[in-house]
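The values are calculated or read from the model by the stated rules, or taken from the named source; none is laboratory data. If you're wondering where the values come from, they're calculated on a predicted model, not measured in any experiment. Every residue, glycine among them, receives a Cβ derived from its backbone with ideal geometry; neighbour counts consider all protein chains shown. Remember, those area values only see protein heavy atoms, side chains included, never the ligands or the DNA or RNA. Shrake-Rupley method; radii C 1.70, N 1.55, O 1.52, S 1.80 Å.
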Amino acid sequence: MNAPRGTNDILPPLSLKWQYIEEVARELMASYNYQEIRTPIFEYTELFQRSIGETTDVVEKEMYTFTDKSGRSITLRPEGTAGIVRSYLENKLYGQAQPVKLYYIGPMFRYERPQAGRFRQFHQFGVEVFGSNDPALDAEVIILGVDYLKKLGLEKLDVYINSIGCPACRGEYFKELKAYLNQYREELCQDCQSRIDRNPMRVLDCKEKGCKEISLDAPSILDYLCPDCREHFDQVQEYLSFLNIDYTIDARMVRGLDYYTNTVFEIKYRGLGAQDTVLAGGRYNGLTEEIGGRSIPGIGFAAGMERLLLTLEKEQVKLPESPELDLFIVTIGDQARKEALKYLYLLRHKGYKAEIDYLARNMKSQLKTADRLQAKYAIILGEDELAQGKAIVRDMETGDQQEMVLENILQENFRKE
Ligand code: ATP
Ligand code: MG
């Protein structure tokens, strides 16, 4: 039996690296005052259709959708925002002090063609903020993304930003964009030909080479922003500049999900190849209404954890790679082993990472195991030692051995720098 295509088993010790990048995220979240939210990994299909948008790649081609035993259409979440917006409304979080600042870490599912940095089950760390349209918050969310990547030790970041306005800005713009795209109708891919009329901005996000080239000279929404959206975008830039965040305006970036309004952004990693966007997001002021709630502004981003780990590996950033045991208790004889078990638990209760042999190995191979597990010390407990109430403590690095009164072991400091 094989795991489904596009999925990964995250085995130890690789799981240590995952824990590490998650831990860095959690610590950062605490200092920025974001709290964790956990929503179901499946939702009613309609939620994603209404929020992500019918003409997006995600909804058109990539969702894992099935009918459950009661005949309801269920979809494994392809992204985190929709479920969180649903939860915010359903649980009336708008009744709490605003803005509500949330984060999540978890698996997402998209039926895509698996390749480097692209999987069918992948993981995202993301944030969502509700209840404020302050451009300083747009800046905070972008800075948070940059901070996270820098905290992980990544430096070669390029921040791209754009504004895709609000529905009011889009009337005139869509007319112009459609006229432009219609000139090249024949050269666009099948999907994009039908997108021209249904949702022309989607064409700008198409991954097909031909469509990408045509998009390069398409009219930009930046030239059509209404005064409010213009002012908002100007202020976001002002905050970013004031706070010394380098960015580039990408006037044709629209992102892959329909719910975005105003600020959109991506952080790319230089030299990563085709899948170089490690973190992306934007504002979604119309989304709560789209799924049937009151109008509440929101903004967020998501970072792809697999891509982060690939980047960290590529940059040879040092990450934890073994569990680093403090102690391994080596025993000789049944009596000693029994006594050792008691000490094993007492030492573990003191917070030491401690292990013992479970395969009836002889002393030599127990020491070998201690070495393989990278234990810093071995505590050797033989029949003779036990009879005298003593044990031998061996520094596994230097090989130095020292006899110790058994009971004193509990007072000893085995932590090594
Ligand atoms: P892409 O343009 O690479 O398909 P996207 O626009 O679909 O990305 P988002 O939906 O914005 O991506 O998700 C945010 C981040 O999640 C991406 O920047 C990427 O790092 C990661 N991501 C998205 N899809 C996948 C996938 N199939 N496998 C691994 N990571 C992914
Ligand atoms: Mg995609």
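Which one is modelled with the lowest pLDDT, of the residues in the stretch 170-195 that are within 16 Å of ligand 2 (Cβ to nearest atom) and farther than 19 Å from residue 264 by Cβ? Break it down into steps so the answer makes sense when it comes.
Of the residues in the stretch 170-195, the ones within 16 Å of ligand 2 (Cβ to nearest atom) are 189, 191-192, 195.
Applying the additional criterion that residues be farther than 19 Å from residue 264 by Cβ yields 189, 191-192.
Numbers: 189: 95, 191: 91, 192: 94.
Applying the filter and picking the extreme gives 191.
Considering the conditions (1) in the same structural domain as residue 49 (by TED's automatic domain parsing); (2) surrounded by 13 or more Cβ atoms within 10 Å (Cβ to Cβ), residue 220 is excluded by exactly one of them, (1).
Looking only at residues that are surrounded by fewer than 14 Cβ atoms within 10 Å (Cβ to Cβ) and in a helix (DSSP H, G or I) in the stretch 196-209, which one is farthest from ligand 2 (Cβ to nearest atom)?
Going through the stretch 196-209, the residues surrounded by fewer than 14 Cβ atoms within 10 Å (Cβ to Cβ) turn out to be 197-198, 207, 209.
Of the ones still in play, those that are also in a helix (DSSP H, G or I) are 197-198, 209.
Details: 197: 23, 198: 19, 209: 16 Å.
Ranking the qualifying residues of the stretch 196-209, first place goes to 197.
From the set of residues in the stretch 59-117 that are in a helix (DSSP H, G or I) and within 13 Å of ligand 1 (Cβ to nearest atom), which is surrounded by the fewest Cβ atoms within 10 Å (Cβ to Cβ)? First the steps, then the outcome.
To start, the set of residues in the stretch 59-117 that are in a helix (DSSP H, G or I) comprises 59-62, 81-90, 93-95.
Adding the requirement that they be within 13 Å of ligand 1 (Cβ to nearest atom) leaves 59-62, 81-82.
Details: 59: 21, 60: 15, 61: 11, 62: 18, 81: 28, 82: 25.
Once the filter is applied, the top-ranked residue is 61.
When residue 244 is tested against (1) within 26 Å of residue 116 (Cα to Cα); (2) away from ligand 1 (no atom under 16 Å from the Cβ); (3) open to solvent by 60 Å² or more (accessible area, probe 1.4 Å), only condition (1) is not met. Considering only residues in the stretch 372-398 that are of a type in the set (S, T, N, Q) and within 47 Å of the chain's Cα centre (by Cα), the one that is surrounded by the most Cβ atoms within 10 Å (Cβ to Cβ) turns out to be 374. Inside the stretch 258-304, residues that are more than 16 Å from ligand 2 (Cβ to nearest atom) and outside any strand (DSSP E or B) make up a count of 16. Away from ligand 1 (no atom under 15 Å from the Cβ), surrounded by fewer than 21 Cβ atoms within 10 Å (Cβ to Cβ) and more than 30 Å from residue 201 (Cβ to Cβ): which single residue out of 332, 291 fits that description? Of the residues listed, the single one that is away from ligand 1 (no atom under 15 Å from the Cβ), surrounded by fewer than 21 Cβ atoms within 10 Å (Cβ to Cβ) and more than 30 Å from residue 201 (Cβ to Cβ) is 332.
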